[in-house]
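**Student:** Have a look at this one before I ask anything.
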Amino acid sequence: MSDSIDTASSAAVGLAATVQFSRSELEALCSKAARGAGMSWGMAEEAGYASGWLSGRGIDSTRTLAVYLHLIQEQDWRGSFPVVHEQHWQACSSEQSLCPIVLGATLSDYARVQPMLFEDEGLSMSALFFPHLLLPFLAWVVQDLHRPLYLRVDGHDVCVRVDIGLRVLGDLDALLSIEEASVRISLTGGELIDGQSLPFDEDVAAEQLFSGAVSVLMSDVDSLQQLALLTTVPSSAASRANAGASHSDND
């Protein structure tokens, strides 16, 4: 009997430790958290989109995003913006790593006007935080180019491919474990990922990949909400005094 009670208690604790979100709810929370951490509203919305895109494919990115957002609170976020060169991009500040959200949005824009960006040896980038957060933005580029892209992480022997059908092929578990590394994006590299594939159906439209709710750890929700609350305006004596209707609406 005691074993059954212990099992039931453990299950209850496990359920209580998670929160169910729809994709739109998760994106809204992540966007507010990103804004609270100091991102512009535009980039904050990109951060929310990236989190929703990854979660819609079974990739839990909420903890990663929460860790990254708390990290950039402690530094000048603008120092992580990319400086664009022909075949190599790096952060504005030599003491910082590239922001995956700003980098991803910049790549999406550049690829439209410079489709040759990933030709030959590809585009290399100096140290980048959480390379897997680039995947949603690479999917945009793939749709524009109508060609798959390969993301290699230097020093880790990790390569993944974003396919035409928006599948992600390769050792994703290894990619998710990488917090900071230099990367290279190119149009070639398939020999590195033969025989490895994530269970995504290439015949399913991207917007149909997400179904149901996402379970997010309560600790990660709390971490994001702490940042999201920074977007609110503290109450004042005047706002409290003027709260509510100024007259009765009773007939």
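Quick note: the coordinates plus some simple rules give every number you see, no bench work behind them. Just so it is clear, the model here is predicted, and its values are computed rather than measured. Cβ: placed from backbone, ideal geometry, glycine included. Neighbour counts: every protein chain shown.
**Student:** What list of ³J(HN,Hα) values in whole Hz, one per residue of the stretch 51-61 in order, does the Karplus curve 6.51 cos²θ - 1.76 cosθ + 1.60 (θ = phi - 60°) give from phi, with Gly and Pro shown as x?
**Tutor:** Couplings: 5, x, 4, 5, 5, x, 10, x, 9, 6, 10 Hz.
**Student:** Name the residues whose placed amide hydrogens come within less than 5 Å of the amide hydrogen of VAL158, ignoring near sequence neighbours (fewer than 5 apart) on the same chain.
**Tutor:** Amide H neighbours of VAL158, under 5 Å, 5+ apart: VAL153.
**Student:** Residue separation times 0.36 nm, minus the C-alpha to C-alpha distance between TYR110 and SER215: what's the value?
**Tutor:** Length gained between TYR110 and SER215: 34.3 nm.
**Student:** OK, next. Mind ordering 162-175, 125-138, 66-79, 39-52 by average Cβ neighbours within 10 Å, highest first? Mind dumping the intermediate values first?
**Tutor:** Values: 162-175: 18.8, 125-138: 23.2, 66-79: 16.6, 39-52: 21.1.
Ranking, from highest mean packing down: 125-138, 39-52, 162-175, 66-79.
**Student:** Please give the contour-minus-distance gain from GLN225 to TRP41: 0.36 nm per residue of separation, less the Cα-Cα distance, rounded to one decimal in nm.
**Tutor:** 64.6 nm
**Student:** Moving on to the next point. What are the ³J(HN,Hα) couplings of the stretch 80-97, residue after residue, when phi is run through the Karplus curve with 6.51, -1.76, 1.60 and θ = phi - 60°? Round to Hz, x for glycine and proline.
**Tutor:** 9, 5, x, 9, 8, 10, 4, 10, 8, 10, 8, 6, 4, 9, 5, 8, 10, 9
**Student:** Can you list residues whose amide H is under 5 Å from ARG57's amide H, if they're 5+ apart or on another chain and H is modeled 1.01 Å from N?
**Tutor:** Answer set, sorted by chain and number: none.
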